[in-house]
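Heads up: the structure comes next, in structure tokens.
The values are calculated or read from the model by the stated rules, or taken from the named source; none is laboratory data. Quantities reported herein were computed from a predicted structural model and do not represent experimental measurements. In this analysis, Cβ positions are derived from the backbone assuming ideal geometry, glycine residues included, and neighbour counts consider all displayed protein chains. The protein model used for the area step is the full one, side chains on, heavy atoms only, and it has no ligands, DNA or RNA in it. Shrake-Rupley method; radii C 1.70, N 1.55, O 1.52, S 1.80 Å.
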Amino acid sequence: MRARLSALLALALAVPAGAAVRDVVARADDSVVTIHVRVPGGETLGSGVILDPRGFALTNAHVVDSGGSIVVVLKNGREVPAGIVQEDSDLDLAVLRLSAVNLPTVPVGSVKDLKNGDEVVAIGAPRGLDHTVTRGIVSSRDRLVNGRRYIQTDAALNPGNSGGPLLNDQAQVVGINTMIEADSNGVGFAIPISAAFPILRQAGVAVSADLDNAELPGDSTAAPALPPAARPRQKRFPVLALGLGFILGVAADSLIRIAKGRRRPKRVFREPDVKVHLRPPAAKPNEDDLDIELK
């Protein structure tokens, strides 16, 4: 009897699947954009997602790398120009900067918390049908395809979905939809959002997230960017050390000369121009000027 009551209570408290999807869409859809790349003779379409209210959006590199002019359409229909601020063709990711601010954003979620069988939602513009919503199930959060790892899902994806977000049940971005298996039905792949962390750091994107950056193999090698005030000063300390060494060397040389002058006649041979050995080596521009911003 107790087990039956527990089961009935669980059913009563369960959130219908449709309601969960509606909640995800209500919270995330305003941050999804449609991307038009206009080239002579036509245009290509794709999707993207705004992660920073200052106008930074994430999409696929193959959506925007044709060299055409980029126009982004917001949920309210407003068209704004955009440019590429960071791109990684190997990862197939690009960061756009929109000519607009105070934009709605969606937070980043944890890939490592995904489980096989979890429900996910894809939003994008397949065939130009903007803000199309499809629902799917995660088959693998770590599927190896052509040497790279993807989230595999059966959410329906079509041309135009590329660059759009894959969202978990908390309306958080966990992936960027990028491709489907040729001649298949319901086999789609999304780039894990954790793979985008390095390119987002390089572009200076401030994402809303509270998670471990090293979520999948390969991410742990990316060092977090340091704020400008905390960046180590790699030039000052070598220069100070050389300067101090030079001063101490000159002082030692003077003492040696004084000692020699007291003990020996002035005619005693001395090595010519001893100070040449005490000069700091010529500065080599950019020798230690390492870029710590992961550029």
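The table below gives the values:
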| read-out | value |
| --- | --- |
| Identity of the residue in the stretch 161-188, open to solvent by 50 Å² or more (accessible area, probe 1.4 Å) and not small (Gly, Ala, Ser), that ends up nearest to the chain's Cα centre (by Cα) | Gln172 |
| The lone exception for Asn116 - which of (1) surrounded by fewer than 17 Cβ atoms within 10 Å (Cβ to Cβ); (2) under 23 Å from Val37 (Cβ atoms) it fails | (2) |
| Residues of the stretch 32-79 satisfying the condition of being polar (S, T, N, Q) and farther than 15 Å from Ala125 by Cα | Ser66, Ser69 |
| Residue match in the stretch 65-76 (condition: modelled with pLDDT under 95, surrounded by fewer than 16 Cβ atoms within 10 Å (Cβ to Cβ), of a type outside the set (D, E, K, R) and within 19 Å of Thr178 (Cβ to Cβ)) | yes |
| Residue match in the stretch 125-139 (condition: among the aliphatic types (A, V, I, L, M), open to solvent by 20 Å² or more (accessible area, probe 1.4 Å) and either closer than 21 Å to Asp183 by Cβ or in contact with a helix residue (DSSP H, G or I) (Cβ under 6 Å, 6 or more places away or on another chain) (or both)) | yes |
| Test result for Asp142, out of contact with any Leu (no Cβ under 7 Å at 6 or more places or on another chain) and either within 15 Å of Ala195 (Cα to Cα) or part of a helix (DSSP H, G or I) (or both) | no |
| Which listed residue is at pLDDT 95 or above, open to solvent by less than 50 Å² (accessible area, probe 1.4 Å) and closer than 18 Å to Pro159 by Cβ, from Ile50, Ile35 | Ile35 |
| Matching residues in the stretch 79-132 - criterion: being closer than 17 Å to Ala206 by Cα, assigned to a strand (DSSP E or B) and of a type in the set (Gly, Ala, Ser) | Ala94 |
| Residues within the stretch 94-108 that are of a type in the set (Gly, Ala, Ser) and open to solvent by 60 Å² or more (accessible area, probe 1.4 Å), tallied | 1 |
| Whichever residue in the stretch 145-160 is in a strand (DSSP E or B) and open to solvent by 10 Å² or more (accessible area, probe 1.4 Å) and, among such residues, is farthest from Pro192 (Cα to Cα) | Val145 |
| Residue check, Asp90 open to solvent by 50 Å² or more (accessible area, probe 1.4 Å) and in contact (Cβ under 8 Å) with a residue 12 or more places away in the chain | no |
